[in-house]
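Chemist: Take a look at this one; I'll ask things after.
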Amino acid sequence: MHETWDTVEQLVDWLDAESTVSPEVARLLRVLKISEEAGEVAEAIHGVIGSNPRKGNSDTWDDVRSELCDVIITSMVALKTITPDAAKVFGERLAWVAERSLNR
């Protein structure tokens, strides 16, 4: 998991270097980006089941999986952007959810 967070940190550094907005605006945009990516998951699911007659069956479950990964990556980038110790915060939250959910 350490390697994953190192990659996320590199992505944040890259985004920071390329950003043309203030750090405060960049932080907000990265959190809002999660909603955009979640919308792409929903769009892919519609494509899997063919609910849009104009597009038909335009996506596969592989597309849904890829979009879900994008949501996770985007969320990790947003978390790292607003929290220097994102890995610790995420680990603690995951442990809390697991404790609450699995040890009833």
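Any read-out appearing in this document is the output of simple, stated calculations on the displayed coordinates, not a laboratory observation. Because the structure is predicted, anything quoted here is derived from the model rather than measured. Neighbour counts run over all protein chains shown; Cβ positions are idealised from the backbone, glycine included.
Chemist: About its Cα centre, what dipole magnitude does the chain give when the only charges are +1 on Lys and Arg Cβ and -1 on Asp and Glu Cβ, stated in debye to the nearest 20?
Modeler: Dipole of the chain, to the nearest 20 debye: 480 debye.
Chemist: Of LYS55, LYS80, how do they rank once you tally other Cβ atoms within 10 Å and put the fewest first?
Modeler: Exposure proxy ranking, most exposed first: LYS55, LYS80.
Chemist: In sequence order, what are the phi-derived ³J(HN,Hα) couplings for the range 57-74 according to the Karplus relation 6.51 cos²θ - 1.76 cosθ + 1.60 with θ = phi - 60°, rounded to whole Hz, with x for glycine and proline?
Modeler: 7, 9, 9, 10, 5, 4, 5, 4, 4, 4, 5, 4, 4, 4, 4, 5, 4, 4
Chemist: A further question on this structure: Just going by the charge dipole of the chain, with Lys and Arg at +1 and Asp and Glu at -1 on Cβ, which of ALA38, VAL12, SER66 is farthest out on the positive end?
Modeler: ALA38
Chemist: Still on this structure, I have one more. Which ³J(HN,Hα) values in Hz, rounded to whole numbers, follow from the phi angles of the range 6-15 under the Karplus curve 6.51 cos²θ - 1.76 cosθ + 1.60, where θ = phi - 60° and Gly and Pro get x?
Modeler: So the Karplus estimates, Gly and Pro as x, are 4, 5, 4, 4, 5, 5, 4, 4, 5, 4 Hz.
Chemist: May I pose another question? What percent do you get for the relative contact order of the chain when only Cα pairs under 8 Å and 6+ apart count?
Modeler: Answer for the chain is 30 percent.
Chemist: Sum up the charges of everything whose Cβ sits under 15 Å from the Cβ of ASN57, counting Lys and Arg as +1 and Asp and Glu as -1, but leave ASN57 out.
Modeler: Residues close to ASN57 contribute a combined charge of -2.
Chemist: Turning to a different aspect of this structure: The chain: percent of C-alpha pairs farther apart than 17 Å?
Modeler: Pairs farther apart than 17 Å: 63 percent.
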